[in-house]
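Notes to accompany the following structure.
The values are calculated or read from the model by the stated rules, or taken from the named source; none is laboratory data. Computed from a predicted model, the values in this text were never measured in an experiment. Cβ coordinates were reconstructed from backbone atoms using ideal geometry, including for glycine residues, and neighbour counts include every protein chain displayed. Accessible surface areas use protein heavy atoms only, side chains included; no ligands, DNA or RNA. Shrake-Rupley method; radii C 1.70, N 1.55, O 1.52, S 1.80 Å.
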Amino acid sequence: MKPQIQNHYQQVKDLNLFAGQQTSFFAQAEWFYRFEQAIANTGEPRWFIQQPTQDQTLCFPALALPAKKGQGRQLQGMSNYYSPYFDLMAKAPYSEQQLVDFFAAFRHELKTYDTLNIVPCLADKAELWCKALRQIGFHSHIYQHSTNWYHPDIKDLDDFWAKRPSRLRHTLQRKKEKTLHSGQYSCHIFSTGSRQQLWQFLIDYHHCYRNSWKNVEPNPGFIDAIAELAWQQGKLRLGIVYHLDKPVAAQIWFSEGSTASIFKLAHDKAYTKHSVGTVLTSVLAEHVISQDKISCLDFLTGDDDYKQDWMTHKRPLYGVQSCNLTSMYGLSAALRNEFSKLKHQFFKR
């Protein structure tokens with residue numbers, strides 16, 4: 001198959017390029033499809049597809065953003081604040097040479113953009129993207145975008161709790177007695193059931209979110225669509241704490257293979273002193289460790305202080321901006337990036 005660019009997911013789906021693909025929940029075709037449907041009206045979808053062999057299929061889901069004054073034409077990986085990781089879709093792990101060949105196949109199209117932005121990604125993938133894009137004449141700049149807290153190598157529940165701070169364990173012991181053991185509170189974890197049950201739990205989730213300390217949810221429809229996708233795939237773990245039938249804490253987790261990802265969480269701010277969110281996190285953690293047999297918990301993006309109570313490791317998440325040196329806007333962006341790098345190095349002395 002010759003390299004091609006599609007503008008609609010349906011055209012990509014009809015090719016059956018990713019049937020049976022085993023990959024991360026956040027880098028599957030259905031994730032990007034729902035992203036395109038709910039959020040991508042800020043740009044025009046571009047699905048870059050190369051299939052040199054059946055086993056080496058690669059697809060780069062991207063958005064062509066409207067040109068802004070002083071920034072020129074921008075191409076962005078199909079991601080935003082909901083995306084904990086971004087990567088190409090692939091049949092199998094791809095090599096640096098495959099990525100070089102992929103971008104070389106689309107060199108002419110990519111050179112019509114002034115900048116290409118990819119975020120967020122881990123260090124090894126950021127380096128790989130940079131190397132590949134430099135091969136076709138782009139200047140690439142890596143910057144830290146966010147932080148990822150995670151807990152690998154969980155053996156069992158005893159091992160997990162042994163690694164928690166004594167302060168957290170004691171708090172949970174007290175709060176569970178006052179909540180879950182009081183008869184006034186109950187906790188439910190929805191993973192299987194009817195679509196009608198799913199939507200009732202999602203209504204309760206949004207009720208908690210609206211009454212939380214958080215800003216208004218920008219795209220609640222996307223949250224619902226992703227939760228439904230995870231439910232269809234058997235990966236959804238949606239936990240709700242109720243006080244006298246009123247939802248007061250809610251969390252959306254995805255359990256996939258050996259990893260459970262904590263995607264969304266919120267609690268009614270009127271119940272903060274009761275630590276209902278902390279109690280719910282402990283119940284869900286025990287569920288995925290004891291029943292799903294996961295060995296890694298992933299808190300995805302954000303460097304919130306409370307995450308270190310639950311996780312053992314943290315690592316930076318990066319963004320990559322690649323600039324087209326043959327365009328005025330691209331060259332200007334590359335110079336700004338180099339100046340920013342020099343400035344940062346100077347003030348670190």
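Could you give me the ³J(HN,Hα) list for segment 283-292, computed from phi with Karplus coefficients 6.51, -1.76, 1.60 and θ = phi - 60°, whole Hz, x at Gly and Pro?
In residue order, the calculated couplings are 5, 5, 4, 5, 5, 6, 6, 7, 9, 7 Hz.
Specify whether the C-alpha gyration tensor of the chain places it in the rounded, prolate or oblate class, a ≥ b ≥ c being the square roots of the eigenvalues: rounded for a/c under 1.5, otherwise prolate if a/b is larger than b/c and oblate if not.
Prolate, because a/c is 1.5 or more and a/b exceeds b/c.
Does anything in segment 287-325 have its amide N under 16 Å from the 7 Å Cα→Cβ label point of W161, and if so which residues?
Residues passing the 16 Å test: 287-291, 310.
With n ≥ 4 as the cut-off for DSSP H runs, can you work out [θ] at 222 nm for the chain, using -39500 (n - 2.57) per run divided by the number of residues, rounded to the nearest 500?
Result for the chain, helices only: -11000 deg cm²/dmol.
Can you give the accessible area per residue of segment 1-142, in Å², using a 1.4 Å probe?
Normalised by residue count, the accessible surface of segment 1-142 is 44 Å².
Considering only D245, D292, D87, give the residue with the highest GNM mean-square fluctuation for the chain, with springs between Cα atoms whenever their separation is below 10 Å.
Top of the fluctuation ranking is D245.
For Y85, Y113, write out the residues from largest to smallest accessible area, computed with a 1.4 angstrom probe and no ligands counted.
Listed by decreasing accessible area, they come as Y85, Y113.
Measure up K175/K314; K68/K314; K91/K163; K175/K214; K269/K341 against 32 Å on the Cα-Cα distance and list the ones that go over.
Distance filter (> 32 Å) returns K68/K314; K91/K163; K269/K341.
Checking the a/c ratio against 1.5 first, then a/b against b/c, what shape does the Cα gyration tensor give for segment 121-231?
Verdict is oblate for segment 121-231.
Whenever you get a sec, compute what percent of the accessible area on the chain sits on carbon and sulfur atoms (1.4 Å probe).
Values: 8430 of 16830 Å².
Its accessible area is 50 percent carbon and sulfur atoms.
In segment 117-151, which residues have a backbone nitrogen under 18 Å from the label point lying 7 Å from E96's Cα in the Cα-to-Cβ direction?
Residues 122-142 qualify, since their backbone N sits under 18 Å from the label point.
Apply the Karplus curve 6.51 cos²θ - 1.76 cosθ + 1.60, θ = phi - 60°, to the phi angles in segment 138-144 and return the couplings in whole Hz, x for Gly and Pro.
Once θ is set to phi - 60°, the couplings for segment 138-144 become 8, 8, 10, 10, 9, 9, 7 Hz.
For segment 1-130, rounded, prolate or oblate, judged on the Cα gyration tensor with a ≥ b ≥ c (square roots of eigenvalues), a/c < 1.5 rounded, else prolate if a/b > b/c?
Note, shape of segment 1-130 comes out rounded.
In segment 279-349, which chymotrypsin sites (Phe, Trp or Tyr not before Pro) fall in coil by DSSP and have 16 or fewer other Cβ atoms within 10 Å?
Within segment 279-349, the qualifying chymotrypsin sites (Phe, Trp or Tyr not before Pro) (loop, at most 16 other Cβ atoms within 10 Å) are Y306.
Would you kindly state how much longer the chain becomes between K68 and Q184 on full extension, computed as 0.36 nm times their sequence separation minus their alpha carbon distance, in nm to one decimal? Please report the intermediate quantities before stating the final value.
On the way: separation 116, 0.36 × 116 = 41.76 nm, distance 5.43 nm.
Result for the pair: 36.3 nm of gain on full extension.
To the nearest 0.05, what FRET efficiency results for K246 and T42 with a Förster distance of 35 Å applied to their C-beta separation?
Here the calculated transfer efficiency is 0.45.
Starting from the residue with the highest accessible area, list H141, H170 in decreasing order, probe 1.4 Å.
H170, H141
Using only alpha carbon pairs under 8 Å that are at least six residues apart, calculate the relative contact order of segment 12-124 and give it in whole percent.
Across segment 12-124, relative contact order equals 26 percent.
Just want the answer: with Cβ charges of +1 for Lys and Arg and -1 for Asp and Glu, which residue in Q74, C59, F86 is farthest toward the dipole's positive end in segment 39-101?
Of the candidates, Q74 comes out farthest on the positive side.
Pull up all non-local amide H partners of L317: gap of 5 or more, or a different chain, and H-to-H distance under 5 Å with H placed in the peptide plane.
Counting only residues 5 or more places away or on other chains, the set is H145, S146, T147, N148.
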